[in-house]
Amino acid sequence: MSPRVLIADDQSLVRTGFRMILTANGIEVAGEAADGVEAVAAAAALRPDVVLMDIRMPNLDGLEAARRILAADPDCRILMLTTFDLDEYVYEALTAGASGFLLKDVTPEHLVASVRLVDTGDALLAPSITRRLVEKFAAPAAERAGGAAPAVHRDLAALTPREREILTLMGRGLSNSELAGQLVLSEATVKTHVAHIFTKLSLRDRAQAVVVAYETGLVAPGDGD
């Protein structure tokens, strides 16, 4: 079934353009919002599957709106929209539970594919870009801590050695097919391991998995380059 989408952006041309692209490709646009307050209210009323959320909006920014929407509806998927490919607010959004981000100049094909993909809860969008984003803001945190490696979060004790290995590789930006190739496993087996990781660590999707991999020290900025 096609996902229902809410578009939240203070620029009417952006909302109109995204609506036209999505509807032309069989994706229902359940509603639009011009600021964060409207987005929270619309999400509560319409219960969309995916919200395209601009970061910088009047009255209530997209980051706080995302937090409120996810607190009320944990099953909702939020894709942050930004003009910049490295924005600290996007990183904050990922840690708050957003499923990824898109640049506003995204191609129509990528927009449609991204909405469908994030609706499945399966994949991190643009993993190499998101990894670069996490590295940019994970590095200063380590420096503020005196350069010491972050302590491994106790929740990781619930993971098997194989699951820790897979989480580490996800943190480096590998897709399921790449994981399968590197570990000589079937994609079905990889998906099962990934699902177990999500369940054990209470993760929404791969975006959060990447953040956890860095924040727990499984992956350090520059690993895998």
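Points to keep in mind about this one:
- With both labels modelled 7 Å from their Cα along Cα-to-Cβ, the residue 75 to residue 182 distance reads 3.3 nm.
- Taking amide H as placed 1.01 Å from N in the peptide plane, the amide H of residue 56 sits under 5 Å from that of 62, each at least 5 places away or on another chain.
- Amide H contacts of residue 4: 49, 50, each under 5 Å away and 5 or more positions distant or on a separate chain (H built 1.01 Å from N in the peptide plane; Pro and chain starts excluded).
FYI, it's all coordinate maths here, none of it is from the lab. Here the structure is a predicted model, which is why all the values come from computation and not from measurement. Because the Cβ atoms are built from the backbone with ideal geometry, glycine has one as well, and the counts that use them run over all protein chains shown.
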